[in-house]
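Colleague: Sharing a structure here in structure tokens format.
Read-outs: derived from the displayed coordinates by stated rules, not from any lab. Keep in mind it's a predicted model, so treat the numbers as computed, not measured. No Cβ is skipped: glycine too gets one built from the backbone with ideal geometry, and neighbour counts run over all protein chains shown.
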Amino acid sequence: PVAHWVQRCPHGRAVERYVLADNGHAWPGGEAGSRRGDVPSTAIDATDVIWRFFADHPNPP
């Protein structure tokens, strides 16, 4: 399960927060294999989420 909140800010900016219930100390959507890390959640792919956020919120000129 994934909880997702969006806080709209002035000038088209936003803050987004994701909380994953089944993720430990791992990159969500990443590869398992670190001896010290937990098994990553497959609920979201954090890399895709971050790229999408920056594509939707370009830096103003």
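Colleague: Modelling each spin label as a point 7 Å along the Cα-to-Cβ direction, I'd like the His4/Asp56 distance in nm, to one decimal.
Modeller: Label-label distance for His4 and Asp56, simple model: 0.6 nm.
Colleague: Calculate how steeply helix 46-56 sits against the longest principal axis of the alpha-carbon atoms of the chain, using the helix alpha-carbon long axis, and give the answer as 0 to 90 degrees to the nearest 10.
Modeller: Approximately 10 degrees, to the nearest ten.
Colleague: Sticking with this structure for a sec: Please give the Cα centre distance for the range 24-53 versus the range 3-17, rounded to the nearest Å.
Modeller: 22 Å
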